[in-house]
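Asks: I have a structure I would like to understand better, so I am pasting it below and will then ask my questions one at a time.
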Amino acid sequence: MTRCPECDTEIDLDEDEVEEGEILSCPECDVELEVTQTHPVHLIVISEDEDDDDDEEEEKSSVKEDEEDDDDDEAEAE
């Protein structure tokens with residue numbers, strides 16, 4: 001029996017039925033969990049902040065590219 005690292009709920013997982021890197025959801029708190037080890041099964045919480053940080057970085061780089069394009073357009077106009 002494995003426990004959710006977030007809410008400590010027991011999660012019934014068979015070592016032979018999960019793979020390292022597999023993503024699961026806790027049935028109690030709905031947090032996403034990654035299987036990092038199979039014998040015994042070990043789970044870690046996948047931080048939603050990591051996903052948010054990636055999104056923010058993509059937005060920042062996109063805005064920066066747009067600004068650089070605007071600067072190029074202004075230089076050509078002069």
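Asks: SER25's amide H: which non-local residues (gap 5+, or another chain) put their own amide H closer than 5 Å, with H modeled 1.01 Å from N in plane and none for Pro or chain starts?
Replies: Residues meeting the amide H criterion: LEU33.
Asks: Let me ask another. Would you work out the Kirkwood radius for region 1-46? I mean one over the mean of 1/r across all pairs of different Cα atoms, in Å.
Replies: On the way: mean 1/r = 0.0981 Å⁻¹.
Kirkwood hydrodynamic radius for region 1-46: 10.2 Å.
Asks: May I pose another question? Order the peptides 28-40, 12-24 from the highest to the lowest mean number of other Cβ atoms within 10 Å of their residues.
Replies: On the way: 28-40: 13.9, 12-24: 11.5.
Packing proxy ranking, top to bottom: 28-40, 12-24.
Asks: Using Cα pairs under 8 angstrom and six or more residues apart, how large is the relative contact order of region 1-46, in percent? Could the numbers behind the result be given before it?
Replies: On the way: 84 pairs, mean separation 15.4, N = 46.
Computed value for region 1-46: 34 percent relative contact order.
All of the numbers you see were taken from the coordinates with simple rules; none came from a lab. Please read all numbers here as calculations on a predicted model, not as lab measurements. So basically every Cβ, Gly included, is an ideal-geometry build from the backbone, and we count neighbours across all protein chains shown.
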